[in-house]
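Written out below as structure tokens is the structure these notes cover.
The values are calculated or read from the model by the stated rules, or taken from the named source; none is laboratory data. A quick note: this is a predicted structure, and the numbers were derived from the prediction, not measured. Cβ atoms come from the backbone with ideal geometry, glycine included; neighbour counts cover every protein chain shown. Accessible surface areas use protein heavy atoms only, side chains included; no ligands, DNA or RNA. Shrake-Rupley method; radii C 1.70, N 1.55, O 1.52, S 1.80 Å.
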There are 2 protein chains.
Amino acid sequence: MPETIRRADNLSGTRYGNRPTMKDVAARAGVGLKTVSRVVNGEPGVTPETERRVQDAIEALGFRRNDSARVLRKGRTASIGLVLEDLADPFYGPLSRAVEEVARAHGALLINGSSAEDPDREQELALALCARRVDGLVIIPAGDDHRYLEPEIRAGVATVFVDRPAGRIDADCVLSDNYGGALGGVAHLIAHGHRRIGFIGDMPRIHTAAERLRGYRAAMEDAGIPVADAWTSLGVTDPERVRRAAEEMLSGPDPVTAIFAGNNRVTVTVIRVLAERNRPVALVGFDDIELADLLRPGITVVAQDAAAIGSTAADRLFRQLDGTLVAPERIQLPTRLITRGSGELPPAD
Amino acid sequence: MPETIRRADNLSGTRYGNRPTMKDVAARAGVGLKTVSRVVNGEPGVTPETERRVQDAIEALGFRRNDSARVLRKGRTASIGLVLEDLADPFYGPLSRAVEEVARAHGALLINGSSAEDPDREQELALALCARRVDGLVIIPAGDDHRYLEPEIRAGVATVFVDRPAGRIDADCVLSDNYGGALGGVAHLIAHGHRRIGFIGDMPRIHTAAERLRGYRAAMEDAGIPVADAWTSLGVTDPERVRRAAEEMLSGPDPVTAIFAGNNRVTVTVIRVLAERNRPVALVGFDDIELADLLRPGITVVAQDAAAIGSTAADRLFRQLDGTLVAPERIQLPTRLITRGSGELPPAD
DNA sequence: TAGAGCCTGGACAACGTTGTCAGATGCGGG
DNA sequence: CCCGCATCTGACAACGTTGTCCAGGCTCTA
């Protein structure tokens, strides 16, 4: 066991590698502890001469304030947590950037992590962030039960849900108008003469997926078109299964002439499938994708404004912290139909 | 001044919204403070009966350990910082995801922020993370002088630079083989018969840009092709200027027949410019771009493995913390030429 | 020149946790 | 029946910072 002992020794001996503390600075500058604190925090009541001495000592020792101690004392961390679903999804880039921008404007740091769509991991992460005493949380929920956050919210952690609503608790949330967007996108296809329209989307237990499906159904119903079972494919996310689903819709006796793709990953795979076929099939995707305008045809999409969602959410979070905000609210941001060609193809009957 | 006073009052009064502490839990469970600590940390030496009482009290009060205090006491935060250049750049998605994955495997949280290519902001961010006492830093440098990190590194903050080397300090870094990648890409164009090849890239003060330029020049020299001034355009990043640069190269008496694009943003804009022209121009881009295979022609790229870079960097960081690693090292990861069509077009002379 | 008032600086406690160490309790053996 | 040992528990200090409060020195006025 000598290794284990050495390792433990090693770790506990590290102790920030013996960083200088305010006490050290004070000793070196020949002033009191609190005076150093005042200089570090820019508080008034220090002679320029004394201040210079302290600054010099700070410089010489390479002192850096220990924020853990500061947080412990002050009770606010000036940091907020962001729990996203997948760091690598391009949709979340602009979103987290927008959140960071707002956080920065409030002098707060952003701590984030991704849940990988796993509700347990989401909970683990959110609670770990709470243990660090983040002032607030922006969560893109993976699960559908967020009662585990109740004690935290009661304790004053500002909380805003994004992209999907919170489950079983009453909390602020900022979403896109998934229903309206999907309805508009499908109606667009119908307006271009399509009647047999396929829908490929995620599991309906995911709120956005359910809403988009609802929008699809509503558009079809508004147009008086009965939806055949074979036209909708749900719970399909991985490329292989999307591919199979698309191919099934496009073959058979009554093939669809248009497809509505429920999210950007689906859209990309459907583009691939359609590219392999000669018969033109119309396509509208939910979520914009990069370079969509360079493809032939360009891809028509229902675009969400990820940056606006992020900044709205972060804004509300800080307003909760201000006390400006009282009751939780659900905010829906509009989507935008961007026509580029693929959604305007006529049915190839 | 009454407002100021009230605001301060307000803030200092908040104090985590009166969260329960271990002391509260201990009181409720009728045990000592340290016993609660033992239960929370899963230390041995607590009767199951006592443990249950404590657990019940924790549950009832909604207690959550205050990690700030824990960190203050223990000296390690189990969190690492990631300073990237732009959260929204798709190249950094997989990279930060990979870093997070490794961090998670070591039980650490990831805190990140972006520098927006601004050296001052990079420094501010890195030092803010150090003040939070992150155990280590992964930095994608924006600046070229990192001596400000010396005290931190001496104090034991593990540090790994990524994508670009550290400036004026000796530190671990993990990079792509920018020189070799560019050389290979340009050689590929030359092998397909091109001699007048343009290069559009970022400012040469950025290491990657300089290396790629060097690769371009080396490939040309190897082939015995003198490079005309008009063929290289440096320090060009925003779409408008890239567009102008590309158009200039493609017109004039001696237009280029191929373009090597120095990064993904440049590539995208060049694609747009080329799409507007009838004469086919070959294109090879550094960095892969999404959907590159769906364009006609597909875009040939020199791809970096962002995930591998991220996980290699994070790996080294934790090995520094282990003490497994001693001397700083520069690690170069190979790039991969992915041929998709655009780089194989013959010169249209 | 003495006293009032202001300005600067420092001693001390507290934040919530963990490590140390000693006390209490229970059990078995002499 | 008592002692020793093992097991479990709790008191206390310490981590580095900030807020409170007081002491001492200065200036300005009467």
- Note on the structure: Sorting from shortest, the nanometre distances separating the label point of A:Glu344 (7 Å past Cα along the line to Cβ) from those of the same residue in the other copies are 3.4
- Task: Quickly rank B:241-254, B:110-123 as a protection proxy: mean count of other C-beta atoms within 10 Å, highest first.
- Result: B:110-123, B:241-254
- Note on the structure: Taking a ≥ b ≥ c as the square roots of the eigenvalues of the Cα gyration tensor, with a/c under 1.5 meaning rounded and otherwise prolate when a/b exceeds b/c and oblate if not, region B:73-131 is oblate
- Message: Amide H of A:Thr232 versus every other amide H placed in the peptide plane: which residues, excluding those fewer than 5 positions away on the same chain, fall under 5 Å?
- Response: A:Phe199
- Query: Please state the Cα pair-distance histogram of region B:271-328 with 10 angstrom bins from zero: what percent is in each bin?
  - Reply: 19, 32, 17, 16, 12, 4
- Item | Contact order relative to length of chain B, as percent, for alpha carbon pairs under 8 angstrom and 6 or more apart | 16
- Task: Any chance you could check the Cα centroid distance between region A:86-104 and region B:233-298 for me, in angstrom?
- Result: 28
- Residue of A:Asn263, A:Asn18, A:Asn178 that the Gaussian network model of chain A assigns the largest fluctuation, springs spanning Cα pairs under 10 Å: A:Asn18
- Query: Accessible area, 1.4 Å probe, largest first: how do A:His192, B:His194, B:His188, A:His106 sort?
  - Reply: A:His106, A:His192, B:His188, B:His194
- Note on the structure: Across B:102-111, the residue-averaged tally of Cβ atoms belonging to other chains within 10 Å stands at 3
- Message: Placing the label point 7 Å from Cα along the Cα-to-Cβ direction, what are the distances from A:Asp144 to the equivalent spots in the other copies, shortest first, in nm to one decimal?
- Response: 5.5
- Mind checking which helices in chain B clear 15 Å along their axis (Cα) and have mean Kyte-Doolittle hydropathy of -0.5 or more, DSSP H runs only? B:92-105, B:119-131, B:178-191, B:264-275, B:306-322
- Collect residues whose amide H, placed 1.01 Å from N in the peptide plane, falls under 5 Å from the amide H of A:Ile331; neighbours closer than 5 in sequence don't count. A:Cys173, A:Val174, A:Leu175
- Query: Taking the Cα-to-Cβ direction at A:Arg73 and at B:Ile225 and moving 7 Å from each Cα, how far apart do the two end points lie in nm?
  - Reply: 6.4
- If each part is reduced to its alpha-carbon centroid, region A:302-319 and region A:137-209 end up apart, in Å, by 14
- Message: Pairs of alpha-carbon atoms within less than 8 angstrom and 6+ residues apart define the contacts here; what relative contact order does region A:13-162 have, in percent?
- Response: 20
- Query: Under the Kirkwood approximation for Rh and a Cα-based Rg, what ratio Rg/Rh is obtained for region A:90-244?
  - Reply: 1.06
- Task: Run through the other copies and list how far each one's label point is from that of A:Asp24, in nm with one decimal, shortest first; the point sits 7 Å from Cα along Cα-Cβ.
- Result: 3.6
- May I ask you to derive the relative contact order of region A:241-299, considering only C-alpha pairs under 8 Å and at least 6 residues apart, and to give it as an integer percent? 34
- Which number gives the lysine pairs in the protein assembly as shown that have C-alpha atoms under 18 Å apart and are eight or more places apart or on different chains? 4
- Message: How are the alpha carbon pair distances in region B:35-117 distributed across 10 Å bins from zero to the largest one, expressed in percent?
- Response: 15, 30, 26, 18, 10, 1
- Assuming R0 = 25 Å, can you tell me the calculated FRET efficiency for the pair A:Glu150 and B:Glu51, based on Cβ-Cβ distance, to the nearest 0.05? 0.55
- Task: In whole Hz, with x marking every Gly and Pro, tabulate ³J(HN,Hα) for region B:192-204 from phi via Karplus 6.51 cos²θ - 1.76 cosθ + 1.60, θ = phi - 60°.
- Result: 8, x, 7, 10, 9, 10, x, 10, 10, x, 7, 4, x
- If each K or R counts +1 and each D or E counts -1, the residues other than B:Ser251 whose Cβ falls under 14 Å of its Cβ total +1
- Item | For region B:178-305: rounded, prolate or oblate by the Cα gyration tensor [a/c cutoff 1.5] | rounded
- Item | Integer Hz, Karplus 6.51/-1.76/1.60 couplings in order for region A:140-145, x for Gly and Pro | 9, x, 9, x, 10, 9
- Sorted largest first, extent of chain A alpha carbons per principal axis (Å): 89, 55, 40
- Over the whole of A:131-144, what's the average partner chain Cβ count within 10 Å per residue? Rounded to a whole number, please. 2
- Give me a single rounded figure for B:87-94: the average over its residues of other chain Cβ atoms within 10 Å of their Cβ. 6
- Message: Normalised by the empirical 2.2 N^0.38 Å for globular proteins, what value does the Cα Rg of the protein assembly as shown take?
- Response: 1.07
